[in-house]
Amino acid sequence: MKYEAVKNYYRGSFHESSATESLDVISPIDGNLLSKVPMSTVDELNKAVESAKNAFPKWSNTPIKERVQVFFKYRYLLEKNFDELTALVSEENGKTWDEAKAEVEKSIELTEFACSMPQLVSGEILEVSKGVECRTEHFPLGVVASIVPFNFPLMVPNWTMPNALVLGNTMIMKPSELVPLSCLRMAELLKEAGLPDGVFNIINGGKEIVEGICAHEGIEAVSFVGSTKVAKLVYQQATHNLKRCVALGGAKNHLFVLPDANPTMTATNVTASMSGCAGQRCMAASAMLAVGDVNPIIAKICDEARKVVPGKNLGAVISKAAKERIEGYITEAEKNGAKILVDGRNAVVEGKENGTYVGPTVIDYVTPEMSVAKEEIFGPVISILRTNTLDEAIKIENANPYGNAAAVFTQSGGLARYVMEHASAGMIGVNIGVPVPREPFSFGGWNDSRFGANDITGKSSIEFWTKLKKTTTKWNPEAGINWMS
C-alpha cells in the first residue's frame, strides 16, 4: 500500500475512523493498491458537523475581504504543489498527465473566481422614496455539504469549496470512495493557507454518509455531482428534509455534424470530446447525429480515433467493473446490428496489464432505441446516429431525458443558431466538442442532468450558497409618508 490508510478530517486535523469496514483504493493505471478508505459512521459525520457548526460564527463574522486572503494563499499553494497534485490526480483516477494537469489548472481558475467574490457580493442600495433607502446583503447559510464524484478528484471539489467558504459558510465534504486522496491533500493545503480549524471538514464513506448528510438537521444545503439515479435520490432526500440542494446528474451529449462542417476541425474536436478523460466526464460526446452525407468526416473521425492510444494519450477507466460495463455496451450494440468502425475492447497496456483500459470506440448505424444511443456509457465511446434532416436530429436529441450539453459543427451561422435555440441542453457548443463555460459563467445542465434551481459554479452559485437580507431604512420624519414609505 503506497499511502497510509485514509483518515477523516475535522477540527483542523486528521482522525482515524472507527469504522470496521473499508474499501481498497486501487490505481486504474496499473491495478496497484494505493490506500484503504473507511466506510465511516454517522457518529463520525456528527463530529464533523459539530466541528463546522462551532467554526461558523467566527468565520461568518470575518469580513469577506479577510476571508478571501486565505484563498489567495491557497491559490499560490496549488501552483507551488502543481506537479504533486497532477501526479496524485493521475494516479488515483487514471487520467493522463496532461488531463490531470488541466484539472489542477482548472482548480486554480476556480479559486481565482472565488477571490473575486468581494466585488460580486457588495450588495445594492437605492433610495426608493424621499428619505427611504432599501439595501440588500448576502449572508452565509451555515454548515453546508458537498458530495463529489470520482471523475474529477480535485476540480469538482473546487467547484464548490472555494465559493462556499469565501461566502462565509463552513463545509462538510464527502469524496468519492474511489478517489479520496486528492481531497485530503486539499485539506492540508487549506490548513497551510491559514483556513481556521473546522471551516472545512472531510468525511469518507458510502451510502450511509450520503443519506446522513441529506438528513442531518445541522446541514443547511447540499451539493451533489454524480449519476442521475443518485442525483434524484439526493435531491429528493435533501429537499424532503427542507434543505437547499443542487444535484448534477448524468448526460447523453449529442453532437450535430452537418455536411458543411470543417472536416479536420470536426474530426479532432469530436474525437477529443469522446475520448478525453477516457470519456468519464459529463460533458463528453456520447452520440453523434450525422445529418445527411458526412461520410468523409466520419472517416476522418475514425482516423483521429486510431491515434488515441491507451496508456499513451488515453487514460484508464476507473475500475474493472467500469471496463466490463463499457465493453458490454459495445458488444450489445454490435449484436443489435450496429457497425463497429473502431473497436476499443480488450485493450491492454504493456507493463500495466492490471490497468483498466478501454480504447477509443466508434460505432456507426446506431438506432435511437439502442442502449448506446440512450444511456450514459461514461467511456471513450461515440455512437453515430444517421439522420436525413436537422429537424430529425433535433427530435432525437430532444427525446433524450438528459440535457447537459449539445454541440453543432457547421460553417453556417443560421444553422448553428437554429441548433442553439432548439437543442434541449443547458450548455451549447458551436464547433466546440466540450462546451464547458469558463468562470464567471456557470456550469449546469437541464432536464435530468440537473436538479435544483441554481448552477453549481460561477455567479449563479452565489445565490445557492447565500441568503439575501433586504433592509429598508428611514431616519427623517420630515420627509412625510406616502404609499412607498
Here the relative contact order (percent) of the chain, from C-alpha pairs under 8 Å and at least 6 apart, is 18 percent
Please report, to one decimal in angstroms, the Kirkwood hydrodynamic radius of segment 77-224 built from all distinct Cα-Cα pairs. 16.6 Å
Can you divide the C-alpha Rg of segment 127-207 by 2.2 N^0.38 Å and report the result to two decimal places? 1.45
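Under unit Cβ charges (Lys, Arg +1; Asp, Glu -1), what dipole magnitude, rounded to 20 debye, does segment 171-241 have relative to its Cα centre? Present the calculation step by step, with values, prior to reporting the outcome.
Values: 6 positive and 8 negative charges, 63 e Å.
It works out to roughly 300 debye.
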Let me check against my output: what whole-number percent is the relative contact order of segment 370-485, with C-alpha pairs under 8 Å and at least 6 apart? 18 percent
Between residue 346 and residue 33, what is the label-point separation in nm under the 7 Å Cα-to-beta-carbon projection? 3.1 nm
Based on the alpha carbon coordinates of segment 1-143, what radius of gyration and maximum Cα-Cα distance (Dmax) apply, in Å? 20.9, 72
Taking just the alpha carbons, could you work out the radius of gyration and Dmax for segment 1-50, both in angstroms? 12.4, 39
Determine the distance separating the Cα centre of segment 401-419 from the Cα centre of segment 120-155; give it in Å without decimals. 33 Å
Given the peptides 357-366, 304-313, arrange them by the average over their residues of other C-beta atoms within 10 Å, most packed first. 357-366, 304-313
Treating the angle as unsigned and between 0 and 90°, give the value, to the nearest 10°, between the Cα long axis of helix 181-192 and the longest Cα principal axis of the chain. 30 degrees
Share (percent) of C-alpha pair distances in segment 317-471 greater than 28 Å works out to 36 percent
Cα-Cα over 23 Å: which of 174/312; 58/467; 252/459; 300/323; 191/232? 174/312; 252/459; 300/323; 191/232
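Count the DSSP beta bridges whose two residues both fall in the chain, then state the antiparallel fraction as a percent rounded to the nearest 5.
If I count the DSSP bridges inside the chain, around 40 percent turn out antiparallel.
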If you rank 456, 462 by fewest surrounding Cβ atoms within 10 Å, what's the result? 462, 456
If you take the charge dipole of the chain about its Cα centre, with +1 on Lys and Arg Cβ and -1 on Asp and Glu Cβ, which of 348, 402, 214 is farthest toward its positive end? 214
May I ask for the angle, rounded to the nearest 10°, between helix 390-399 and the longest principal axis of the chain, with both axes built from Cα atoms and the value confined to 0 to 90°? 60 degrees
Counting Lys +1, Arg +1, Asp -1, Glu -1, what net charge surrounds residue 430 among other residues with beta carbon under 14 Å of its beta carbon? -1
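Give me the extension gain from residue 13 to residue 217: residue separation times 0.36 nm, minus the current Cα-Cα distance, reported in nm with one decimal.
Gain on stretching residue 13 to residue 217: 71.1 nm.
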Inter-label distance for residue 2 and residue 265, nm, one decimal - labels placed 7 Å from Cα along Cα-to-Cβ: 4.0 nm
Quick one: check the C-alpha center-to-center distance for segment 267-338 versus segment 219-248, whole angstrom. 30 Å
Give me D for segment 161-213 in µm² s⁻¹, whole number, from Stokes-Einstein with Rh from the Kirkwood sum over alpha-carbon pairs, 20 °C and 1.002 mPa s. 181 µm²/s
Highest average packing first - 117-128, 241-252, 191-202, Cβ atoms within 10 Å: 241-252, 191-202, 117-128
Can you show me the helix-derived [θ] at 222 nm for the chain, built from DSSP H runs with n ≥ 4 at -39,500 (n - 2.57) apiece and divided by the number of residues, rounded to the nearest 500. -12000 deg cm²/dmol
Pop out the Kirkwood hydrodynamic radius of segment 203-334 from its pairwise C-alpha distances, inverse of mean 1/r, in Å to one decimal. 17.6 Å
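Using a cut-off of 13 Å between beta-carbons, work out the net charge of the residues near residue 291 (Lys and Arg +1, Asp and Glu -1, residue 291 not included).
Neighbour charge sum, excluding residue 291 itself: -3.
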All other residues with a Cβ under 12 Å from the Cβ of residue 134 taken together, and with Lys, Arg as +1 and Asp, Glu as -1, what is their net charge? 0
Cα to Cα, under 16 Å, and not fewer than 8 places away if on the same chain: which lysines meet these conditions relative to residue 320? 95, 352
Placing one equal point scatterer on each C-alpha of segment 386-444 and summing with Debye, one gets log10 I(q)/I(0) at q = 0.23, 0.25, 0.29, 0.30 Å⁻¹ equal to -0.98, -1.11, -1.33, -1.36
Could you state, as a whole-number percent, how many of the C-alpha pairs of the chain are farther apart than 40 Å? 25 percent
Against the rule of thumb 2.2 N^0.38 Å, how large the Cα Rg of segment 225-277 comes out: 1.78
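Write down the percent of antiparallel bridges among all DSSP beta bridges whose residues are both part of segment 107-248, to the nearest 5.
25 percent
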Under a crude label model (7 Å from the Cα following the beta-carbon direction), how far is residue 87 from residue 239 in nanometres? 4.5 nm
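Taken together, the values in this text are just the output of simple stated rules run on the coordinates, not laboratory data. These numbers were taken from a predicted model, which means no experiment stands behind them. For neighbour counting, all protein chains shown are included, and Cβ atoms are generated from backbone atoms with ideal geometry for every residue, glycine included.
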